[in-house]
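**Q** The structure's right below; bear with me while I get my questions together.
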Amino acid sequence: MKTNEEIFKILIEEGFSKDDVTVFDSYSSPDFVEHQYGFFPPNVEGVKKGIKDLHYAFPDFSLTIEDTISDGSKVWGRMTGRGTHVNKFGPMYPTGKKFEITVIDIGRFENGKLIEHWGVPDKLALMEQLGMKPPPKLIMKIMSWINK
């Protein structure tokens, strides 16, 4: 039986980087819950659709695992996401620009299956690198709120 960390790596390297969403059928629980904002529905089918959408917008999309930490039923991963914006991504028209962002993922496993996932991609860095920065007044307002 594979360790939780080995399954985590398979899901990232095969599922996300190589666009082989079938690995989620093998390594996800039927009760799997996705907690990352933007995946709908918040289950395995939503994750598979999200991966397909990523690879449509960024055909060369990949995640490189930089670090992992395992503790009991959970695996934490720090990754680097890379890609080139070739096709429409949600409402964003293609820019042709490359990006490189940090992504933090946490997976919780039961009986050799992924049962929950939390993902935190640096979406602000993605928007900035694709030339879609929020207006400066909005950034200043957010920063003043954070620094309170």
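Only the coordinates and a few stated rules stand behind these numbers; no lab work does. Given the structure is predicted, the values throughout are model-derived calculations rather than measurements. Counting neighbours? That spans all protein chains shown, and the Cβs are built from the backbone with ideal geometry, glycine included.
**Q** If amide H atoms are built 1.01 Å from N in the plane of the peptide, which residues on other chains or at least 5 residues away come under 5 Å of the amide H of residue 114?
**A** Under 5 Å from the amide H of residue 114: 28, 29.
**Q** Only four residue types carry charge here, +1 at the Cβ of Lys and Arg and -1 at the Cβ of Asp and Glu. Report the dipole size of the range 27-148 about the Cα centre in Debye, rounded to the nearest 20.
**A** In debye, rounded to 20, the range 27-148 gives about 600.
**Q** Now for a different question. Treating cross-link reach as a plain straight distance, find the aspartates and glutamates whose alpha-carbon is under 15 Å from the alpha-carbon of residue 133, omitting any fewer than eight places away in the same chain.
**A** The reachable aspartates and glutamates, counting only those whose Cα sits under 15 Å from residue 133, are 122.
**Q** With the contact rule set at Cα under 8 Å and sequence spacing of 6 or more, what percent relative contact order holds for the chain?
**A** Normalised by residue count, the contact order of the chain is 22 percent.
**Q** Quick one: Cα centre-to-centre distance for the range 1-64 and the range 86-100, in angstrom?
**A** Centre-to-centre distance over Cα atoms comes out at 20 Å.
**Q** Still on this structure: Under a point spin-label approximation (7 Å from Cα along Cα-to-Cβ), what is the residue 40-residue 73 distance to one decimal in nm?
**A** For residue 40 paired with residue 73, the spin-label model returns 2.9 nm.
**Q** Going down the table (52/98; 2/98; 2/97; 49/97; 2/123; 74/98), which pairs top 29 Å between alpha carbons?
**A** Check vs 29 Å cut-off fails for 2/98; 2/97; 2/123; 74/98.
**Q** Separate question: Just add up the charged neighbours of residue 61: K/R +1, D/E -1, any other residue whose Cβ is under 9 Å from the Cβ of residue 61.
**A** Overall, the nearby charge balance is -1.
**Q** Rank 131, 112, 81 by mean-square fluctuation in a GNM of the chain with C-alpha springs under 10 angstrom and give only the top-ranked residue.
**A** Maximum fluctuation in the GNM of the chain, among the listed residues, is at 131.
**Q** I would also like to ask the following. Report the local net charge at residue 33: Lys and Arg +1, Asp and Glu -1, summed over other residues whose C-beta lies under 10 Å from its C-beta.
**A** Net local charge, residue 33 excluded: -2.
**Q** Just want the answer: with Cβ charges of +1 for Lys and Arg and -1 for Asp and Glu, which residue in 145, 12, 77 is farthest toward the dipole's positive end in the chain?
**A** Going by the charge dipole, the pick is 145.
**Q** How long are the three semi-axes of the equivalent ellipsoid of the range 3-66, in whole Å, if each is the root of 5 times an eigenvalue of the C-alpha gyration tensor, listed from largest down?
**A** Values for the range 3-66, descending: 17, 16, 10 Å.
**Q** Taking the chain as a Gaussian network, Cα atoms linked when under 10 Å apart, which of 43, 111, 87 shows the biggest mean-square fluctuation?
**A** Checking each option, the largest mean-square fluctuation is seen for 111.
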